[in-house]
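What follows is a short report on a single structure.
The values are calculated or read from the model by the stated rules, or taken from the named source; none is laboratory data. Worth saying up front: this structure is predicted, and the values here are computed from it rather than measured. Methodologically, a virtual Cβ is constructed for each residue, glycine included, from the backbone with ideal geometry; neighbour enumeration extends over all protein chains shown. Areas reflect the complete protein model, heavy atoms only, side chains present, ligands, DNA and RNA absent. Shrake-Rupley method; radii C 1.70, N 1.55, O 1.52, S 1.80 Å.
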Amino acid sequence: MCTMIAMHAAIKGAGKGSEGWFPLTQANVGFDHATHSQAEHALLLDFVNGDLGPGARVAVEMDIASGRALIAQLQAAIEAAEASGVAE
Amino acid sequence: MWNSFKTDDQMGMVAQITTYAGGNGDKIHTYTALPQGNGPFPGVVLVHHMPGWDELYQEFARRLANHGYNVICPDLYCRFGHGTPDDVTAKVRGEGGVADDSVVADSEAAMKWLKALPNSNGKVGIVGTCSGGRHSVLVASRVPGFDAVIDLWGGRVVQSADQLTPQQPVAPIDYTKDLNCPILGLFGNDDQSPSPEQVNQHEAELKKHGKNYEFHRYDGAGHAFFYHDRPAYRQQQAMDGWNKVFAFFEKYLH
């Protein structure tokens, strides 16, 4: 199905794409047809820089369970970083 | 039909990425597959799916051309930029999808491009899978001049109010009374969009408005059962479906 589910977050960072590292400006999160993974649908994470064209993209497809696990570990890492006092 | 050619037939085609004047006269890319010969040949506007203007659609174009159809498959994402199909699709997805009005305009221009070919027989059909099925229904309902439309498991033909977006402001089913030509629909009973209930709802609307329609539902198939590059492929249902596609176009475009 074409869910048209698409969320966005502005981000600061860098990603490594097919032509090396580039600055990231946005993360797009969707749940729709998978392109490469074997599931019909997948969580679709795209880390992009719109100013650099469609190819400036780091793409990830994963299932929902993986997404939940990733969220938990992201949250844990963030909390640990903040607790360490070196979060900047 | 598959393998219905004669071994001494003259067969050939020219298939390529080129450009044409799309909606608003914009120069956009398109894949064309044109059989060689004087024809006259019917035309087909091939409407690509949400996952993009990709190699699968180039194969579909050549398959139709191999059966004697002039085919044009516009890059409906052309205005979003260029790159590999999945990169461009990701950009389009991130921006909320391509607008229905844009697809309608590009498809109408494609239909006129086909009719202007010197070897055209004057008839044009439109077909697509997934979102391309939805768009095909939408275009054939909003634009006069098509002689047949084929909806291959188009999701979101039926849309609830909360599924409407700025890009998709009206559900295609709401244009049913304006549908201008016969419609063939092929669906998998394991599909979630369109669900069997939504297919029934669409069929009821076609019946209510006295439209010429032919719907087929396949057991053991879900969404995208023609896609040989994906696990969704179902060989038996896909080959039967292709034969129904060719039979329908044979009936209404010749």
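Rounded, prolate or oblate: which one fits segment B:13-253, using the alpha carbon gyration tensor with axes a ≥ b ≥ c (rounded when a/c is under 1.5, else prolate when a/b beats b/c, else oblate)? Intermediate values should be presented prior to the final figure.
Numbers: a/c = 1.29, a/b = 1.15, b/c = 1.12.
Rounded, since a/c falls under 1.5.
Evaluating 6.51 cos²θ - 1.76 cosθ + 1.60 at θ = phi - 60° for every residue in segment A:25-42, the Karplus couplings come out as 10, 8, 10, 10, 10, x, 9, 7, 3, 7, 8, 10, 5, 7, 5, 5, 10, 8 Hz, glycine and proline recorded as x.
Treating r as the C-beta distance of B:Asn189 and B:Gln163 and R0 as 25 Å, the FRET efficiency rounds to 0.70.
What number comes out for the charge environment of B:Ala90, summing +1 per Lys or Arg and -1 per Asp or Glu over other residues with Cβ under 12 Å away?
Details: positive: A:Arg57, B:Lys91, B:Arg93; negative: A:Asp32, A:Asp46, A:Glu61, B:Asp86, B:Asp87, B:Glu95.
Around B:Ala90, the charge tally is -3.
Altogether, the Stokes-Einstein calculation at 20 °C and 1.002 mPa s, with the Kirkwood radius of the protein assembly as shown over Cα pairs as Rh, returns a diffusion coefficient of 101 µm²/s.
Taking 0.36 nm per residue of separation and subtracting the Cα-Cα distance, what length does fully extending B:Gln36 through B:Gln10 add?
Details: separation 26, 0.36 × 26 = 9.36 nm, distance 0.89 nm.
Stretched fully, the B:Gln36-B:Gln10 segment lengthens by 8.5 nm.
With r as the distance between the Cβ atoms of B:Lys251 and A:Ala76 and R0 = 41 Å, compute the FRET efficiency 1/(1 + (r/R0)^6) and round to 0.05. Could you put the intermediate results ahead of the total?
Working: r = 62 Å, r/R0 = 1.50.
Efficiency, from the Cβ-Cβ distance: 0.10.
Solvent-free Debye calculation, one equal scatterer per alpha-carbon of segment A:5-63: log10 I(q)/I(0) at 0.19, 0.25 Å⁻¹ equals -0.66, -0.99.
Can you give the mean number of other chain Cβ atoms that lie within 10 Å of the Cβ atoms in peptide A:2-11?
Working: counts 16, 7, 12, 1, 8, 1, 3, 0, 0, 0.
The shielding value for this peptide is 5.
In summary, the lysines within cross-link reach of B:Lys207, defined as a Cα separation below 27 angstrom excluding same-chain residues under 8 places away, comprise B:Lys123, B:Lys177, B:Lys244, B:Lys251.
To the nearest 500 deg cm²/dmol, what mean residue ellipticity at 222 nm is calculated for chain B from DSSP H runs of n ≥ 4 alone, each contributing -39,500 (n - 2.57), summed and divided by the residues? Kindly include the intermediate steps, with their values, before the conclusion.
Numbers: 6 runs with 82 residues, N = 254.
Counting only the DSSP helices, I get -10500 deg cm²/dmol.
Less than 5 angstrom separates the built amide H of A:Thr25 from those of A:Val48, A:Asn49, A:Gly50, all sequence-distant by 5 or more or on a different chain. Couplings 3J(HN,Hα) for segment A:75-82, derived from phi with the Karplus relation 6.51 cos²θ - 1.76 cosθ + 1.60 (θ = phi - 60°), are 4, 5, 5, 5, 5, 5, 5, 5 Hz, where x marks Gly and Pro.
Report the local net charge at B:Glu108: Lys and Arg +1, Asp and Glu -1, summed over other residues whose C-beta lies under 15 Å from its C-beta. Net charge in that neighbourhood comes out at -3. For the pair A:Ala65 and A:Thr25, the difference between a 0.36 nm per residue extended length and the Cα-Cα distance amounts to 11.8 nm. Computed from label points 7 Å out along Cα-Cβ, the spacing between B:Gln235 and B:Ala21 is 4.8 nm. Computed from backbone phi with θ = phi - 60° and the Karplus coefficients 6.51, -1.76 and 1.60, the 3J(HN,Hα) list for segment A:48-64 is 9, 9, x, 6, 9, x, x, x, 7, 8, 10, 10, 9, 10, 8, 7, 5 Hz; x is used for glycine and proline.
Take peptide A:47-56, look around each residue's Cβ out to 10 angstrom, count Cβ atoms belonging to other protein chains, and average those counts. Walk me through the numbers on the way to the answer.
Numbers: counts 0, 4, 0, 4, 0, 0, 7, 15, 8, 3.
Other-chain Cβ atoms within 10 Å of each residue's Cβ, averaged: 4.
Residues of segment A:13-38 with an amide N closer than 14 Å to a point placed 7 Å from the Cα of B:Glu55 along the Cα-to-Cβ direction: A:36. Legend: mean number of C-beta atoms from other chains within 10 angstrom of residue C-beta atoms, peptide A:29-38, equals 4. The A-B contact accounts for roughly 1900 square angstrom of buried accessible surface, both chains included, probe 1.4 angstrom. Could you tell me the ratio Rg/Rh of segment B:197-254? Both radii from Cα atoms, Rh via Kirkwood. Taking Rh as the inverse mean 1/r over Cα pairs, Rg/Rh reads 1.04.
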